[in-house]
Amino acid sequence: MELHRSAYRHAMARVLEELTERYADGFDAAEIAVLVDRKRSSLEAGGKHAEFIPALVEHAVRDELATLARSQGRTLSPLPKVLFVCERNEGRSQVAAALAEHLSGGRVLARSGGLRPTGRLNPHASTVLAERGIDLVNPLPSEVQEDVLDAADILVLIGCQDAPLVGRRTIHWEIDDPYAQDLAAARRIAADIESRVRELLAELEVPIAPQRELAHTA
């Protein structure tokens with residue numbers, strides 16, 4: 001992999017994104033970008049093979065952030081990353097990710113994906129979230145991306161017990177599918193998801209953020 005090739009650029013971009021997201025509590029994006037660029041330039045100048053540079057940069061910058069945090073009294077607890085997956089990414093996983101992001105006040109990095117996404121969003125998903133004062137930011141259903149799966153600390157499989165996916169830690173939630181069901185059923189399912197998200201946040205020792213209690217729960 002030569003330095004100019006797109007695979008290398010993509011790998012380095014993912015390293016920067018991952019570090020920026022994980023350590024946002026103690027360091028801003030510009031500070032992390034400077035550290036990443038400095039270490040990358042040093043390794044490139046030293047003749048390191050490009051395929052090894054992204055991993056070396058990530059480890060080196062993590063160590064440097066830890067040193068800075070200790071010397072300057074900054075926070076270094078990385079934000080947990082949770083990937084919610086359901087069959088179609090039409091409703092359950094979308095609602096779970098939105099609830100996790102909202103209730104944690106951004107102290108959890110939540111993503112969602114589907115095993116076989118249809119490209120259509122269950123219209124009730126936006127409704128049950130709006131009733132809780134939450135906007136659905138990324139409504140387009142999508143497949144589970146390999147790099148997102150690899151980066152996740154916790155994989156939550158919703159209603160897909162036999163999914164061929166394995167995470168660092170995998171949790172199974174048996175929750176009804178709102179597909180082709182009415183709004184009342186979608187509200188019941190959303191309440192179940194909310195309860196489980198709250199339990200997961202408590203387990204992760206992530207408090208419900210001030211001012212983030214839900215506006216309404218049907």
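Details
- Region 155-207: C-alpha gyration tensor shape, a/c 1.5 cut-off, then a/b vs b/c: oblate
- Axis angle, to the nearest 10 degrees, between helix 183-203 and the longest C-alpha principal axis of the chain: 40 degrees.
- In the chain, helical runs assigned H by DSSP with n ≥ 4 each contribute -39500 (n - 2.57); averaged across all residues and rounded to the nearest 500, the mean residue ellipticity at 222 nm is -15000 deg cm²/dmol.
- For region 1-82, the per residue solvent-accessible surface stands at 56 Å², with DNA, RNA and ligands left out and a 1.4 Å probe.
- For region 1-86, the equivalent ellipsoid derived from the Cα gyration tensor has semi-axes of 23, 18, 9 Å, listed largest first.
- A 1.4 Å probe run over the protein chains yields, for region 159-213, 64 Å² of accessible area per residue, whole-number rounding.
- If you look at the Cα atoms of region 92-186, you get an Rg and a Dmax of 13.2, 36 Å.
- The fraction of accessible area contributed by carbon and sulfur in the chain is 51 percent, rounded to a whole number (1.4 Å probe; ligands and nucleic acids excluded).
- 0 to 90° range, to nearest 10: angle between helix 53-72 axis and the chain longest Cα axis: 90
- Volume per residue that the Cα convex hull of the chain spans, once the total is divided by residue count, Å³: 131
- Normalised by the number of residues in region 14-67, the mean separation of alpha-carbon contacts (under 8 Å, six or more apart) gives a relative contact order of 39 percent.
- Base-10 log of normalised Debye intensity for region 135-176 (one unit scatterer per alpha-carbon) at q = 0.16, 0.17, 0.18, 0.25 Å⁻¹: -0.49, -0.55, -0.61, -1.01
- If you take the alpha carbon atoms of region 106-151 and fit the smallest convex hull around them, that volume is 84 Å³ per residue.
The values are calculated or read from the model by the stated rules, or taken from the named source; none is laboratory data. Keep in mind the model is a prediction, meaning the values are calculated, not measured. For accessibility, only protein heavy atoms count, side chains too; no ligands or nucleic acids. Shrake-Rupley method; radii C 1.70, N 1.55, O 1.52, S 1.80 Å.
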